[in-house]
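Coordinate-derived values only; no laboratory data. Bear in mind that the values here come from a model prediction, so they are computed numbers and not experimental data. Here the Cβ positions follow ideal geometry from the backbone for every residue, glycine too, while neighbour counts run over all protein chains shown.
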Amino acid sequence: MDASAAKRGAGRLPKNAHRVHEVLLDADRPMTAYDLLDALRGEGMTAPLTVYRALRRLIAEGLVHRLESLNAYVVCAHPGSEPGGHAEDSHAPAFIVCEGCGAVDEIEDSEAIGILTSDARRKGYAVSRMAVEMIGACRTCRDAAGNG
């Protein structure tokens, strides 16, 4: 992920959203709202609602994604080059989640997302948001298990 682009977009955020974003930037895995609350409790953030409000803002700014399968959050790997990143509705990534170690990779393939969206429209659906998550084992976990 381009950390400098992510930090540029986070520069104008309210204090709590900025701190939640920083914690997620430093995280080596997806974090739940309660993980974030625990990490920020020492800074006076003690209410879950405060964390959820910050996460909603970060998602709206296109800086963070919610992983539906894990009920956890990750920093957007493609926040865009403009300050503020991109509107969440114009960016529909897919995620690969390792069920062994918890690693997450973001994939942005507009052609694949377009195919899914077109198919949904053809079937009569109006898609309001999309969550594409593939669950499996990363190379490191496969190699460790001898399943290269």
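Tabulated data
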{"quantity": "Yes/no for residue 34 being of a type in the set (Phe, Trp, Tyr), in contact (Cβ under 8 Å) with a residue 12 or more places away in the chain and surrounded by fewer than 21 Cβ atoms within 10 Å (Cβ to Cβ)", "calculated": "yes"}
{"quantity": "Filter result (hydrophobic (A, V, I, L, M, F, W, C) and farther than 21 Å from residue 105 by Cβ) within region 42-75", "calculated": "45, 47, 49, 51, 54, 60"}
{"quantity": "Scan of region 28-48 for residues that are in a loop (DSSP other than H, G, I, E, B) and closer than 15 Å to residue 65 by Cβ, ordered by number", "calculated": "29, 30, 32"}
{"quantity": "Scan of region 49-83 for residues that are touching a residue at least 40 places away in the same chain (Cβ under 8 Å), assigned to a helix (DSSP H, G or I) and not hydrophobic (A, V, I, L, M, F, W, C), ordered by number", "calculated": "57"}
